[in-house]
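**Q** Can you keep this structure in mind? I'll have questions shortly.
Read-outs: derived from the displayed coordinates by stated rules, not from any lab. The model shown is predicted, which means the values in this text are computed figures rather than measured ones. All Cβ positions, glycine included, derive from the backbone under ideal geometry; neighbour counts span all protein chains shown.
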Amino acid sequence: MRKRLTITNMKKMKQDRNAISVLTAYDYPSAKLAEEAGIDVILVGDSLGNVVLGYDTTIPVTIDDIVYHTRAVARGAQQTFIVADMPFMTYGIGREATLRNAARIMQEGGAQAVKLEGGSDMASDVAALVKAGIPVMGHIGLTPQSVHQLGGYKVQGKLDMEAERLMNDAKALEEAGAFSLVLELVTEPLATLISDSLAIPVIGIGAGRGCDGQVLVYHDILQYASPYFEKKFVKTYADIGSTIRNAIEAYVNDVKQGAFPGEDHVFSAQPAVFGPLYGGAEQSSKEIAKEIGHQGEQQAKKEGRPI
């Protein structure tokens, strides 16, 4: 049985140029399959709002949602390092509230770390969480919880001013004690420069090949959606959505046509067991008495006795 990674292991993986594989998961079977496949880190992302709960953004996701799904993931992946997102407005709202919400994710959810969005403006919160013993993964670049403020899902770091800000944010998070950093939708040259400038692992999503690891959404790599929308930064490895849809359609057709259940899917039993069921006890007793009487008549005839 493999051992769960630690933040020290991950830093060593960066030093050894051993890429870190990260995948989202939101329930027990997904987490278990990811662990069996050898994933290094599972992220219980607030992306569950989009791919599981059907929201347009991650903003409606609550702390209760994250705790619930993290708990399920923790049961399925007991040997994998689990990071859980802190949802919108559960941090940056005062030190005490931030600590309390992160503690819920760790204690009730069973995560080994939390992730929060924001750069220099969140450094003090990161430092407070780390001081309290809670490992923190940072997240800069495209920050989905700020999608309305950013004006949509746009690649970050194209302009010199943006690039400088992202570099400063990355360094501020590292100095605050973050053990790792996610860069989302950032130009490849900038992401490579940030990764090379930090001692902590930088995990990219749509940030190119120069990062220390990659993270993608479970439902994206499997096309587990309907409809599925192609994304430039995603490589899909299976079309599970079509497989599921086709399987359910076949089931519906079998039920409608009487092909299911078939002979292989039913259970047989001796007729006598049905006597006492569903008001059949009286009828069964009469049938039994009649059979006994018939057997008595046959025996009397053989013995020459009067019937």
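**Q** For the range 11-39 and the range 225-245, what is the separation of their Cα centres, given in Å?
**A** After rounding, the separation between the Cα centres reads 20 Å.
**Q** Per DSSP helix of 4 or more residues, -39500 (n - 2.57); summed, then divided by the residues of the chain. What does that give at 222 nm, rounded to the nearest 500?
**A** Mean residue ellipticity at 222 nm (helix-derived): -13000 deg cm²/dmol.
**Q** Which residue, S124, I203, T70, has the largest displacement toward the positive end of the dipole of the chain when charges sit on each Cβ (Lys, Arg +1; Asp, Glu -1)?
**A** It is T70, whose Cα lies furthest towards the positive end.
**Q** Figure the gain on full extension for S124 and Q107 (residue separation times 0.36 nm, minus the Cα-Cα span) and round it to one decimal in nm.
**A** The S124-Q107 span can extend by a further 3.9 nm.
**Q** Grab the other residues whose beta carbon is less than 12 angstrom from that of V215, score K and R as +1, D and E as -1, and report the net.
**A** With Lys, Arg at +1 and Asp, Glu at -1, the net is -4.
**Q** If you add up the charges near V126, with Lys and Arg at +1 and Asp and Glu at -1, over every other residue whose beta carbon is less than 12 angstrom from its beta carbon, what do you get?
**A** Taking every other residue near V126 into account, the sum is -3.
**Q** Counting Lys +1, Arg +1, Asp -1, Glu -1, what net charge surrounds Q78 among other residues with beta carbon under 13 Å of its beta carbon?
**A** +4
**Q** Using the count of nearby Cβ atoms within 10 Å as a rough guide to exposure, how do Y68, Y218 rank from fewest to most?
**A** Starting with the residue having the fewest Cβ neighbours, the order is Y68, Y218.
**Q** Moving on to the next point. With a point put 7 Å past each Cα toward its Cβ, work out how far D196 is from F229 in nm, to one decimal.
**A** Here the answer is 3.5 nm between the modelled labels.
**Q** While we're on this one: Springs between alpha-carbon pairs under 10 angstrom, Gaussian network model over the chain: which of P87, P135, P227 fluctuates most?
**A** P227
**Q** Springs between alpha-carbon atoms under 10 Å, Gaussian network over the chain: tell me which of K232, K171, K14 tops the mean-square fluctuations.
**A** Highest fluctuation of the listed residues: K232.
**Q** Now a separate question. What FRET efficiency would be calculated for the residue pair T57, V266, taking the C-beta separation as r and a Förster radius of 35 Å, to the nearest 0.05?
**A** 0.15
**Q** Once the piece of chain linking R100 and E36 is laid out straight, how much longer is it, given 0.36 nm per residue of separation minus the C-alpha distance between them?
**A** 19.8 nm
**Q** When ranked by the protection proxy of mean other Cβ atoms within 10 Å per residue, highest first, what sequence do the peptides 111-117, 154-160, 3-9 form?
**A** 111-117, 154-160, 3-9
**Q** Percent of Cα-Cα pairs per 10 Å bin, from 0 to the last occupied bin, for the chain, please list those.
**A** 6, 22, 27, 15, 6, 6, 5, 5, 4, 2, 1, 0
**Q** Taking the chain as a Gaussian network, where each spring joins two C-alpha atoms under 10 Å apart, which residue of N168, N50, N246 fluctuates the most?
**A** N246
**Q** Another question, then. Give me the count of lysine pairs in the range 7-237 whose alpha carbons sit under 24 angstrom apart, restricted to pairs 8 or more positions apart or on different chains.
**A** 26
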